[in-house]
Amino acid sequence: MNRMQDCIIKAKLRANEIELPFQQDVSFIVNSRFTNAKGRCDYNLYNKNCVIQLSKLMLEHCDEEEIINTICHELIHTLPQCRNHGHIFQNWCQKFNQKFNMNMATRYKITDQSEAYQKAQKMSSRARQEKKFLVTCLNCGKTFRRARKLNPDNYRCSSCHGNLKIERI
Ligand SMILES: [Zn+2]
Ligand SMILES: [Zn+2]
């Protein structure tokens with residue numbers, strides 16, 4: 001995803017400019033299941049490395065500034081003394097805000113999400129709700145979700161041609 005790489009580079013540039021001692025080689029992964037959180041920073045106790053997860057919804061629907069904002073937030077979390085949103089964390093937020101005229105908050109509430117992000121959240125939860133039937137192959141156990149109820153007499157499992165069971169979820 002080029003957009004993500006772009007935003008990561010820009011966020012790191014800003015972080016370097018205010019001399020934030022973040023983990024330079026932190027790895028980033030896209031999380032397609034995040035619906036409320038835009039990002040998360042996980043700390044590995046064994047190798048002391050951080051992994052930053054970014055919401056796919058955000059990457060696809062939010063403007064660049066909102067993505068950079070989220071990445072900067074997570075970069076602060078890579079500091080050992082900034083695992084929480086305490087005063088050290090807040091000081092770094094302020095430095096970003098002052099230097100780059102950003103609007104970094106220490107906590108993201110749903111009401112703080114941009115309109116674009118809220119709209120994307122609604123669409124994704126609707127898409128999930130619409131697939132309300134679970135089809136299970138009685139022979140191989142393969143499962144998939146369907147939006148509409150299908151008559152199990154008319155269909156067979158695509159993998160093994162077994163009989164199907166359908167239930168509302
Ligand atoms: Zn945070
Ligand atoms: Zn099957």
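Here, each number is a calculation from the coordinates, and none is a lab measurement. No experiment lies behind these values; they were computed from the predicted model shown. Here the Cβ is made from the backbone with ideal geometry for all residues, glycine too, and neighbour counts use every protein chain on show.
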Checklist line | Two-site FRET efficiency, E65 against S158, from Cβ-Cβ distance with R₀ of 41 Å, rounded to 0.05 | finding: 0.40
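Run through the DSSP bridge list for the chain and note the antiparallel percent, rounded to the nearest 5. Please list the in-between numbers first.
On the way: 14 of 19 bridges.
Looking only at bridges with both residues in the chain, the antiparallel portion is about 75 percent.
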Notebook entry, point to check: So what are the ³J(HN,Hα) numbers for region 32-41, from phi and the Karplus equation (6.51, -1.76, 1.60; θ = phi - 60°), rounded to whole Hz, Gly and Pro as x?
Noted result: 8, 9, 4, 10, 9, 6, 8, x, 8, 10
Next item on the list: Classify region 1-72 as rounded, prolate or oblate from the Cα gyration tensor: take a ≥ b ≥ c as the square roots of its eigenvalues, call it rounded if a/c is under 1.5, otherwise prolate when a/b beats b/c and oblate if not.
Entry: oblate
Next item on the list: For helix 64-77, report the angle its Cα long axis makes with the longest principal axis of the Cα atoms of the chain; keep it between 0 and 90° and round to the nearest 10°.
Entry: 70 degrees
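Could you work out the equivalent-ellipsoid semi-axes for the chain, taking the square root of 5 times each eigenvalue of the Cα gyration tensor, largest first, in whole Å?
Working: eigenvalues 349, 63, 34 Å².
The three semi-axes for the chain are 42, 18, 13 Å.
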Notebook entry, point to check: Using the alpha-carbon centroid of each, what span in Å lies between region 33-85 and region 124-169?
Noted result: 35 Å
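Based on the alpha-carbon gyration tensor of region 46-111 and its eigenvalue square roots a ≥ b ≥ c, which shape applies: rounded if a/c is under 1.5, prolate if not and a/b is larger than b/c, or oblate? Present the calculation step by step, with values, prior to reporting the outcome.
Working: a/c = 1.87, a/b = 1.14, b/c = 1.64.
The shape class here is oblate.
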Margin query: I'd like the orientation of helix 2-17 relative to the chain: the angle between its Cα long axis and the longest Cα principal axis, in ° from 0 to 90, rounded to 10.
Written below: 20 degrees
Check: By how many degrees, 0 to 90 and rounded to 10, does the Cα axis of helix 87-100 deviate from the longest principal axis of the chain?
Finding: 80 degrees
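Give me the percent relative contact order of the chain, please, defined on Cα pairs under 8 angstrom at least 6 residues apart.
Normalised by residue count, the contact order of the chain is 17 percent.
Please tell me which of these pairs span more than 26 angstrom C-alpha to C-alpha: K38/K131; K10/K122; K38/K149; K10/K95; K48/K122? Each step should come with its number before you reach the end.
Working: K38/K131 24 Å; K10/K122 29 Å; K38/K149 34 Å; K10/K95 16 Å; K48/K122 36 Å.
Table pairs above 26 Å Cα-Cα are K10/K122; K38/K149; K48/K122.
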